[in-house]
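All of the numbers you see were taken from the coordinates with simple rules; none came from a lab. Being a predicted model, the structure only gives us computed values, none of them experimental. With ideal geometry, Cβ positions are generated from the backbone for all residues, glycine too; neighbour counts draw on all protein chains shown.
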Amino acid sequence: ANPKSVAESKPSFPTVRLSGMMQADAAWFSQDAANLALVGDVQDGADFRRTRLSAVGKAWDNVGYCIDMDFGFGGRPSFADVRLDVEDVLGRNDLRVGYYRQPIGMDVMTSAREMTFLERALPATFLPFRQTGAMLSGSREDELATWALSVYRFPSDFYGGNVGDNGGYAVASRLTAVVMQQGDGPGLLHIGGAYSLIDPANDLLRYRSTPEIFIGETGGGVPVGVPSDLPPFIDTGNIDTEYTQLFGAELAAVCGSFYAQSEAVYSVVDQRGGPTLFLPGAYIHAGYFLTGETRVYKGKEGVFGRVTPQKSVGSEGGIGAWEIAARWSYMDLSDENIQGGRMANFTAGLNWYLNPRTKFQLNYIHADVWRAGESEAGILGMRAQVDF
Amino acid sequence: ANPKSVAESKPSFPTVRLSGMMQADAAWFSQDAANLALVGDVQDGADFRRTRLSAVGKAWDNVGYCIDMDFGFGGRPSFADVRLDVEDVLGRNDLRVGYYRQPIGMDVMTSAREMTFLERALPATFLPFRQTGAMLSGSREDELATWALSVYRFPSDFYGGNVGDNGGYAVASRLTAVVMQQGDGPGLLHIGGAYSLIDPANDLLRYRSTPEIFIGETGGGVPVGVPSDLPPFIDTGNIDTEYTQLFGAELAAVCGSFYAQSEAVYSVVDQRGGPTLFLPGAYIHAGYFLTGETRVYKGKEGVFGRVTPQKSVGSEGGIGAWEIAARWSYMDLSDENIQGGRMANFTAGLNWYLNPRTKFQLNYIHADVWRAGESEAGILGMRAQVDF
Amino acid sequence: ANPKSVAESKPSFPTVRLSGMMQADAAWFSQDAANLALVGDVQDGADFRRTRLSAVGKAWDNVGYCIDMDFGFGGRPSFADVRLDVEDVLGRNDLRVGYYRQPIGMDVMTSAREMTFLERALPATFLPFRQTGAMLSGSREDELATWALSVYRFPSDFYGGNVGDNGGYAVASRLTAVVMQQGDGPGLLHIGGAYSLIDPANDLLRYRSTPEIFIGETGGGVPVGVPSDLPPFIDTGNIDTEYTQLFGAELAAVCGSFYAQSEAVYSVVDQRGGPTLFLPGAYIHAGYFLTGETRVYKGKEGVFGRVTPQKSVGSEGGIGAWEIAARWSYMDLSDENIQGGRMANFTAGLNWYLNPRTKFQLNYIHADVWRAGESEAGILGMRAQVDF
């Protein structure tokens, strides 16, 4: 499909590929009395965390696109990436227009197909994630550094929409670099920094978070007074703010079959008629492949990528890749007049990659909550995932 | 794409195929005065019964997947099969994980693309149909017998979700065999049996059914007091039950262009604080191809399959396949303190298969209802179907 | 995939192609005081106007199909074309069954992928657009004339459904002809006429319209009393009618890089217990390609088609196609006892086609409204579009 190599024939655009994924989750909850009092009796459950169908391809030799729909979430199908990309704008940069993940946060820039744990770490709550906007981004030719600058509407809903005469505009930027690399081999040190300035539509902002698990669905027939979905454990309520700033710092390393990743995020909320809020979050996680694989680093994006077992289950006769991982994460939604609570999660994980496209995951999450007193919950979560 | 036959090249997984179908229905209702009083004035209507897009393929040489979304039903897109299949587990068996049809009932295990009538027979109401779980299944190498054992969450909603600390687990198993086969020719006798034990989430169970037709949509502007969708004709209301057992028996036969299929289903509901309920259902249907075709039997699944006309309409110059069919079905939702009513349906059907992928169907359904007295309704239904 | 040319092999049907499109819009509103009083303070916003995934292909050598889902609109995914087409019925005609655009109106028969402006002209409000039905249509072998006759249910909702014992049936027919053609070159004169007779379900009919822009989504957090989506500027409310007739006339011309298109539509509403209403609408638009392209005419459908730049942006090294366009449109929803208001829109447009599949559009719309006094609004709208 490269028009240059077949000069005599017409280019055969558009190209299209059908892609998608399924994440089938189940979770079991154990809560102490204080936690039961705080959020109600969270029910055990099973649900599809993500069920996606997407079309990706090239509309022309320099224009890519993606339309990715998620059917697993409540409400109408929510939008994953819906965007077009014009290549080679202002040099080697790409211009992206549409609904996409805003460039702040290494964890949130990592594909949901390629996460080490069932959910992203708590500080993701602070970050804009997918919003509607336009972004210019690029990477060094040797893929040792990336940059991105995006302007976007905030808050965009799960379908890319935003309204509001009062504000609703934001900007985000992220810079990453590989500061040490062990030849082409499996060793590197990644650093990154990001910033976002947000003027939220209608001056409203709200942060809230469940522990690092999500079961969104009910099967019907839930008795009165019992939560039918997972309630937030910490919650600021609506904050009246003219603008908010986000600061992010990233550090990640690979050394053979071991890798680690850590981020700190600060949200500085300029309250209207109230004091400025300083809300911090941070996490660190590490993983190790028992079967000798290495976590791939995507130099063009500055994030970790897909795990390919050395020997997949199937005709190759292997046992796939086995990985153990652990994470500690923390988020503080309490400052001054806003007492949204604090939460820390500790997660232990076991991942079995049958092949590059199929994995089973097991997480145990212990959540400590400081909100209206101290409370605790333990969660066992499982996932079966296939993507294509 | 078979990695064994091209040992030197890497396997090209994942594979993906876009599939789907459309069923455009129309129905006209005639009700006697008692039926009008029982369920209201059911409106004539037209609607898409199923509108599906799906991705099916192999994630690896031994892992298949399916993500099948239905846009024809009310609410957000409901899930058809969303699952992954690991082949050759514990011998020649498949391990299926996700949302799929639970193995009990020959009618409900038959693909919606390949049904003789517009809707499945009444006793399907008792059966779990699609639920979220894990299943081990297989067939004899000569495809003369099948087995399946599944554990699942119950009730899963139309999006594969289930919550509830109290119960919500179930098991189902189905065995089928071809006990007589006329060489490789179009004659065989199929028997089958199935069982399911269900501990429903939150101890709630409800059976209800319309006649064997379904028009779910409104075009807006329905006057007050007129049903905007098809109401159930019989309905148990919520039953408080600790566990429920299902028993199913199947009998089917093919003889040249003639085939017949029959099932009996028993639901034994262990009421909390009440007597055990015995709720039976049964149906028998038969079809005959005027144009000489034979109903294909899928030996690996123990169900009937697709009709392929001997000469399709089109460049083959044929008239397609013409089939006449009839069905009687019955379901009793009244026992002891639960008086949900009884219903019998008699259906006459005419099917025109233009080609293996396109058909037009005409059904006349006569419904007899015994609930708060006796009442009757007659329904004329039509369908245009294409699948791919 | 042509079975005739490979007589020894079996035909390889069904065929399928994944198609789709994205339209990402943003709009800014300016209203005078009277307009603010009439419809409230319309908020600036951004949204995906259309986000579509579809499967199109052939089920057999003479049967085509299309299943096209739109995820950009509110509510569950709305149906674009969902239909099957049997070719060569009663001569060279096609029989279409399903949910499709009813044959009345040149503007509404033009693909949403190939529109000159962001939205269709105001009179589209009168026309049935997509409804569920069956249509026989064809064109002359030299593609200089088209005809279509369709029977359909009305009103079908956005998912193809319709209910109602009282009415709900309609018929539409359209005839077009090319009356002058400059050889095979870029010059022609198109005329067309269409008629529809509608007996709406439950005797209810309602016309309402926004200006020629549509932002349907909210990002949440809209203050009380502020419209979260774009309200209709003119609105008849429900009209009680036994039947309604629509008359349409079309005129269009191409001359080199210039083209123009105009339509007049009349709705004659037979009110129950009230006078007959005569409601007119009309528009004229013209476009000119600064870069020398010509508007393609699709002779088989009697509408304009896709713009292909002479030199696309990308490896061809071009600047794409640049087009300027203007439109005036008018609709009157006031007659006798129904005082829904009148509106005129004037639109100036600038289109940049990077390649045949990607374009950016800029529209400025000035709306004059006569309803409870006179009021005005100005709207700046932008779109990024990719389709495949």
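With the label 7 angstrom out along Cα to Cβ, how close does B:PHE129 come to the same site in each of the other copies, in nm, nearest first?
Ordered by distance, the counterparts are at 3.1, 3.1 nm.
Counting alpha carbon pairs within less than 8 Å and at least 6 residues apart, what relative contact order, in whole percent, applies to region B:52-144?
On the way: 151 pairs, mean separation 20.5, N = 93.
Relative contact order, region B:52-144: 22 percent.
State the Kirkwood hydrodynamic radius of region A:1-134 in Å, one decimal place, computed from all pairs of distinct Cα atoms. Mind dumping the intermediate values first?
Values: mean 1/r = 0.0557 Å⁻¹.
Computed over region A:1-134, the radius equals 17.9 Å.
Going toward the positive end of the dipole of chain A, with +1 on Lys and Arg Cβ and -1 on Asp and Glu Cβ, which of A:ASN337, A:TRP370, A:LEU350 do you reach last?
A:LEU350
Tell me the relative contact order for chain A as a rounded percent, counting alpha carbon contacts under 8 Å between residues six or more apart. Can you show the working numbers first?
Working: 1113 pairs, mean separation 61.8, N = 388.
Over chain A, the number comes to 16 percent.
List the aspartates and glutamates whose alpha-carbon lies under 13 Å from that of A:LYS300, not counting same-chain residues fewer than 8 positions away?
A:ASP94, A:GLU141, A:ASP142, A:GLU143
Efficiency by 1/(1 + (r/R0)^6): what FRET value for A:ALA37 and B:GLU242, r their Cβ-Cβ distance, R0 = 25 Å, to the nearest 0.05? Show your work: numbers first, answer last.
Details: r = 29 Å, r/R0 = 1.14.
Efficiency, from the Cβ-Cβ distance: 0.30.
From Cα coordinates alone, what are the radius of gyration and Dmax values for region A:55-163 in angstrom?
Here Rg and the maximum Cα pair distance are 14.4, 43 Å.
How shielded is C:39-49 by partner chains, expressed as the average number of their Cβ atoms within 10 Å of its Cβ atoms? Working shown, then result.
On the way: counts 0, 0, 1, 2, 8, 9, 9, 13, 10, 10, 0.
The shielding value for this peptide is 6.
With the contact rule set at Cα under 8 Å and sequence spacing of 6 or more, what percent relative contact order holds for region B:124-276? Each step should come with its number before you reach the end.
Values: 321 pairs, mean separation 29.9, N = 153.
Relative contact order of region B:124-276: 20 percent.
Partner chain Cβ atoms within 10 Å, averaged over the residues of C:75-83 - can you pull that number for me? Before the final figure, lay out the partial values.
Working: counts 4, 10, 10, 2, 5, 0, 0, 7, 4.
Per residue, the number of nearby Cβ atoms from other chains is 5 on average.
For the protein assembly as shown, just the Cα atoms, rotate onto the principal axes and tell me the three extents in Å, largest first.
Projected onto its principal axes, the Cα set of the protein assembly as shown covers 76, 74, 62 Å.
For a quick check: sort C:ILE319, B:ILE104 by the number of other beta carbons within 10 angstrom, fewest at the front. Intermediate values should be presented prior to the final figure.
Values: C:ILE319 16, B:ILE104 26.
Listing C:ILE319, B:ILE104 from fewest to most nearby Cβ atoms yields C:ILE319, B:ILE104.
Running a GNM on chain C with Cα contacts under 10 Å, which residue among C:THR236, C:THR15, C:THR146 ends up with the highest mean-square fluctuation?
Looking only at C:THR236, C:THR15, C:THR146, the largest GNM fluctuation is found for C:THR15.
Provide an ascending nm list, one decimal, of label-point separations from C:GLU376 to the equivalent residue in each further copy; define each label point as 7 Å from Cα along Cα→Cβ.
7.0, 7.0
Could you state the per residue volume, in Å³, of the convex hull enclosing the Cα atoms of region A:97-211? Please list the in-between numbers first.
Working: hull volume 13.6 nm³, N = 115.
Given the Cα convex hull of region A:97-211, per-residue volume reads 118 Å³.
Return the inverse of the average 1/r over all pairs of distinct C-alpha atoms in chain C, which is the Kirkwood hydrodynamic radius, in Å to one decimal.
Working: mean 1/r = 0.0451 Å⁻¹.
Every distinct Cα pair counted, the radius reaches 22.2 Å.
If I model a spin label at A:LEU90 and C:PHE346 as a point 7 Å from the Cα along the Cα→Cβ vector, what separation in nanometres do I get?
3.7 nm
Counting other beta carbons within 10 Å of each residue's own, what order do A:GLU301, C:GLU141, B:GLU119, C:GLU376 fall into, fewest first?
Working: A:GLU301 19, C:GLU141 8, B:GLU119 25, C:GLU376 14.
Ranking A:GLU301, C:GLU141, B:GLU119, C:GLU376 by Cβ neighbours within 10 Å, fewest first, gives C:GLU141, C:GLU376, A:GLU301, B:GLU119.
Using a 10 Å cut-off around each Cβ of peptide C:357-363, what is the average number of partner chain Cβ atoms that fall inside? Let's see the in-between values first.
Values: counts 9, 9, 0, 3, 0, 0, 0.
Mean partner-chain Cβ count within 10 Å for C:357-363: 3.
With label points built 7 Å along Cα→Cβ from the Cα atoms of B:TYR195 and A:GLU141, find their separation and express it in nm.
Spacing of the two 7 Å Cα→Cβ label points: 7.2 nm.
Give me the base-10 log of I(q)/I(0) for region C:229-281 at each q in 0.32 Å⁻¹, Debye formula, one uniform scatterer per Cα, rounded to two decimals.
Calculated log10 I(q)/I(0) at the listed q: -1.18.
Do the sum for the protein assembly as shown: with -39,500 (n - 2.57) for every DSSP H run of n ≥ 4, divided by all residues, what is the mean residue ellipticity at 222 nm, to the nearest 500 deg cm²/dmol? It would help to have the intermediate numbers written out before the result.
On the way: 6 runs with 33 residues, N = 1164.
Result for the protein assembly as shown, helices only: -500 deg cm²/dmol.
Place the label 7 angstrom along Cα→C-beta at B:ARG272 and in each other copy, then list the distances from the first to the rest in nm, shortest first.
In ascending order, 5.0, 5.0 nm.
For region C:219-342, what's the radius of gyration and Dmax over Cα atoms, in angstrom?
21.0, 66
With all distinct Cα pairs included, what does the Kirkwood hydrodynamic radius of region B:189-270 come out to in Å, to one decimal, could you say? Mind showing how you got there, number by number?
On the way: mean 1/r = 0.0612 Å⁻¹.
Here the Kirkwood hydrodynamic radius works out to 16.3 Å.
My understanding is that a pair violates if its Cα-Cα distance is over 19 Å; which of B:LYS311/C:LYS58; A:LYS311/A:LYS359; A:LYS58/C:LYS58 do that in this structure? Don't jump to the answer; show the numbers that get you there.
Numbers: B:LYS311/C:LYS58 17 Å; A:LYS311/A:LYS359 14 Å; A:LYS58/C:LYS58 24 Å.
Where the Cα-Cα span goes over 19 Å, the pairs concerned are A:LYS58/C:LYS58.
With +1 on each Lys and Arg Cβ and -1 on each Asp and Glu Cβ, and nothing else charged, work out how big the dipole of region B:330-388 is about its Cα centre, in Debye to the nearest 20.
Computed charge dipole of region B:330-388: roughly 480 debye.
Would you list C:MET382, B:MET69 from fewest to most Cβ contacts within 10 Å? Before the final figure, lay out each step's value.
Numbers: C:MET382 15, B:MET69 25.
Ranked by crowding around the Cβ, least crowded first: C:MET382, B:MET69.
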